[in-house]
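Okay, so here's the structure we're looking at.
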Amino acid sequence: MRNWRIIPRTIAVVAVVCVFALGLWGLPARGQMTAANLYISGDTNIQDMFNKDLLPLFERDTSVKTNMVFLSHGQGADAILAKIIAAKRAGQQTDVDFYETQPTYIAESASEGIWAQITKDNVPNSAKVDLQRPEVLVSQGFGLPYRGSSVVLAYNSKYITDPPKTYDEIIAWIKKNPGKFTYCDPQTCGSGQAFLYVALYKYANSADFTGLGYDANKEAAWRPALELLRSLKPAIYNNGFYPNGNVAVLQLLGRENIYMAPVWSDLGMSYLDQGLLPKSIKLVQVSPPFTGGDSAIAIPAHAMHQGAGMMFLNWLLTSKAQSIVVNKLAGYPGIQWKYMPQDMRDKFAGIATNFNPLPNAKYQADAKRLWQEQVAGSGQ
Amino acid sequence: MALVLPPFCLLVFVIVVPAAQAVLSTLRVEQDGHVVYSLARYAQILHTVSLYRSVAFTLLVTLASAAATFVLAYTLALYLRFSQGRVSTLLGALFILPLFIPTVIASFAMVTFLQNHGFVATLLHYVGVEEMPPLVFNAVGIVLTEVWASIPFATLVLLAGLQGIDDALIDSARDVGAGAVRTFRAVILPLNAVATIITLSLLFVGILGSFTIPYLVGGNAPQMMSVVMTNYFSNYLRPDVSVAMAALSFGIAALAGAAYVVGVSRRERGVV
């Protein structure tokens, strides 16, 4: 009885092993047939844009097949990086032909020699990218931006006819119109961080904080900026209420509880498009500009289909593809504005300038802490 | 003895040793290149206005929440103990409900309930009240939510204590002419002392260490210590301050723990 039963079990085990073995054998074989494996991260709007607009158009234009691996909100981005490094160390090729991630990730692993140097010889359209962009600088030249968003100033033109053009004019406006401005807690959102970082850059040299180095003593230069933000507290909405998150600020603007606030360009544009903000809300960039920038593309030096990856990158930096990106995301193009069609430049006239780079991660952490200690938690 | 050994080892190696190491590490300060032991980190906490205010704020919110919960829970427990009938039975089933609702959901519910254009504001608007003090993203919001979340537990413990009091004792107090208040003060309160101490100390420790509610319902500043610790640990990349804050809150909680131990051992020795 016992022996009799063992036969189907053995068959089952063998079958499972066979299926797995075939799967392991079969996957790379199939991978060679699809041309370029694109690893892309972001929110669902990015996924939709690639799936519905960019990839079908690229395949029609070039008849090169693509296979997108989407990392929702950048989840698993670390593991992909580890995979690329592991392949390099083992002297093998990697199936990652195109990797979109945070510029700091690209910089951290640059010393392993895993990234291909992108030049105008292998990606001609890379010449259109401003090499002083934070994404390029932070990724040590190995990453190229193809989309960007920046924090801009949103104001209600119903109440403000002469909007501030500089950061100092914003400060003056806040003091003159108490209770009608706020920025979110820098802990919880990028638009509040931008307001904080630009205040820091006002008194200190931004180049000191955007590189990879770290020296806590340099932060002494931030003191007047923190003093300034603390002095604004009584003039902030609800006697110093800093909402949690970008959306909370947009809601206050929408309900006309406040008339002015820093917001993300892409979020603000999409809220305007959906009618969640009144049409009287306008977006402008001020001088010095708020901070911005988020993702960059790098191509592994040992990519299996490096040519196809670079071909896609080159296509992505054409003004045709860039127009799709800017329209879909209401953000900044990766290439310089002067290479964009005139109608696009007109539509984004208020924000079509550059933006300030972010401080590195350690300075960001300290800036948020000092803001909490000396601005929000100071008790006037 | 052999039966106690596994949990004892677990306690020592998973709780006591790491905790002691953490406390020691808060005392280790680097000075002119070599390590010395000092209270410098704690002095730094008390000298940083935002941190000092956070400690005071935490104590205030915890005491207020524990006191409010205790009063409400005691009243409810007395009612459930001494009243029979359909309302009492219904209430007895209802009050336990918050125990089964995850704190995250309760916190978000409280925010939508109490915020500027929320349910309470709408209700007041119908009555004609337009100006409403802010009820969320401040101490009031935290206290309200903590009370809501802690009432079931406090009521359960107090009710268990009250049910242990013999009806005959209460009846005899009534027989010699004591009114309701007198009976409560002279008979019920002292006989329920152990349950009271247990409830108060556990409420205090529970609220002191709570994170979800102050994180979601609290404001920018001052923040409760649990939120501050998390921020320093993960957002500000300053785990040293975070650990020192943790040791400080451990010290505060230990006081409540001592009250609990005294209360329980008194009962075991049969003093009460």
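The values are calculated or read from the model by the stated rules, or taken from the named source; none is laboratory data. Note that the structure is predicted; figures quoted are calculated from it, not measured. Note that each Cβ is placed from the backbone with ideal geometry, even for glycine, and that neighbours are counted across all protein chains shown. Remember, those area values only see protein heavy atoms, side chains included, never the ligands or the DNA or RNA. Shrake-Rupley method; radii C 1.70, N 1.55, O 1.52, S 1.80 Å.
Some notes on this structure:
- Selected from A:Leu316, A:Leu57, A:Leu267 as most flexible by GNM, with chain A as the system and alpha-carbon contacts under 10 Å: A:Leu57
- Think of it as helices only: each DSSP H run of n ≥ 4 in chain B is worth -39500 (n - 2.57), and spread over all residues that comes to -21500 deg cm²/dmol at 222 nm.
- Legend: distances between Cα atoms for A:Lys233/A:Lys282; A:Lys65/A:Lys128; A:Lys158/A:Lys338; pairs beyond 29 Å are A:Lys158/A:Lys338.
- Alpha-carbon Rg/Rh ratio, for region B:168-207, with Rh computed the Kirkwood way: 1.19
- 3J(HN,Hα) along region B:50-57, derived from phi through the Karplus expression 6.51 cos²θ - 1.76 cosθ + 1.60 where θ = phi - 60°, amounts to 5, 6, 4, 5, 5, 5, 5, 4 Hz, with x in place of Gly and Pro.
- Chain A, helix-only ellipticity at 222 nm - DSSP H runs n ≥ 4, -39,500 (n - 2.57), divided by all residues, nearest 500: -13000 deg cm²/dmol
- Heavy atoms of B:Arg267: accessible area, 1.4 Å probe, square angstrom to 10: 130
- Shape call, chain A: gyration tensor on alpha carbons, a/c limit 1.5: prolate
- Using θ = phi - 60° and Karplus 6.51 cos²θ - 1.76 cosθ + 1.60, couplings along region B:111-118 (whole Hz; Gly, Pro as x): 4, 5, 6, 9, 5, 2, 10, x
- The H on the amide N of A:Met68, modeled in the peptide plane, is under 5 Å from the matching H of A:Leu38, each at least 5 residues off or on a different chain.
- Classified by the C-alpha gyration tensor, region B:32-268 has an oblate form. Its axis ratio a/c, with a ≥ b ≥ c, is 1.5 or above, and a/b does not exceed b/c.
- Assigned charges on the beta-carbon of Lys, Arg, Asp, Glu; region B:32-268 dipole about Cα centre (debye): 180
- Going by accessible surface with a 1.4 Å probe and the largest first, B:Thr196, B:Thr89, B:Thr212 read B:Thr89, B:Thr212, B:Thr196.
- Region A:103-120 - phi-based ³J(HN,Hα) in whole Hz, Karplus 6.51/-1.76/1.60, Gly and Pro as x: x, 5, 4, 5, 5, 4, 9, 4, 5, 6, x, 8, 9, 7, 6, 8, 10, 6
- Proportion of all alpha-carbon pairs of the protein assembly as shown beyond 36 Å (%): 56
- Ignoring lysines fewer than eight residues from A:Lys218 along the same chain, the ones with Cα atoms less than 19 angstrom from its Cα are A:Lys202, A:Lys362, A:Lys368.
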